[in-house]
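J.: Here's a structure for you.
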Amino acid sequence: MSQRVVVNPIACTAHGMCAELLPERITLDDWGYPIVDGRPLSADLLEHARRAAEVCPTFALLLQSDGSPVRASARASQPAQPTVRNVRRRPEPVVRRQTRLDPRR
């Protein structure tokens, strides 16, 4: 069973921690977003890839096994089950109108 590292580009916010923990397969572009080498992971890189996926602050880095994404903490002996998780979101910015006082009023 081969596993690969994949990144969800929508969830990624370019922290760069994945490239520090798995430099053999992940490099950063000019803006800090990961460029992932999609080749299957060797046995010695698998533990590093799991650690990189676990510490991703936005859960954007995943391990993919046989075409289906698997969370980093999932055990290989357990069958993959669909899970729903809450996505941490930033609070919406407060937009305030700036009004100028008209001295003629």
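J.: Give just the number: which of (1) modelled with pLDDT under 90; (2) in a loop (DSSP other than H, G, I, E, B) does Gln64 not satisfy?
T.: (2)
J.: What pairs can you find where one residue is in segment 1-17 and in a loop (DSSP other than H, G, I, E, B), the other is modelled with pLDDT under 90 and of a type in the set (Val, Ile, Thr), and their Cβ atoms are less than 8 Å apart, with a gap of 6+ or different chains?
T.: Close Cβ pairs satisfying both conditions: Ala11/Val87.
J.: Which of the numbered conditions does Arg4 fail, given that it passes all the others? Conditions: (1) surrounded by 12 or more Cβ atoms within 10 Å (Cβ to Cβ); (2) of a type in the set (D, E, K, R); (3) out of contact with any Gly (no Cβ under 8 Å at 6 or more places or on another chain).
T.: (3)
J.: For segment 1-43: of the residues being polar (S, T, N, Q) and in contact with a strand residue (DSSP E or B) (Cβ under 8 Å, 6 or more places away or on another chain), which is farthest from Leu63 (Cα to Cα)?
T.: It comes out as Thr27.
J.: Looking only at residues in segment 7-55 that are among the charged types (D, E, K, R) and farther than 22 Å from Ser65 by Cβ, which one is surrounded by the fewest Cβ atoms within 10 Å (Cβ to Cβ)?
T.: Selected residue: Asp30.
The values are calculated or read from the model by the stated rules, or taken from the named source; none is laboratory data. These figures come from a predicted structure and were not determined experimentally. For neighbour counting, all protein chains shown are included, and Cβ atoms are generated from backbone atoms with ideal geometry for every residue, glycine included.
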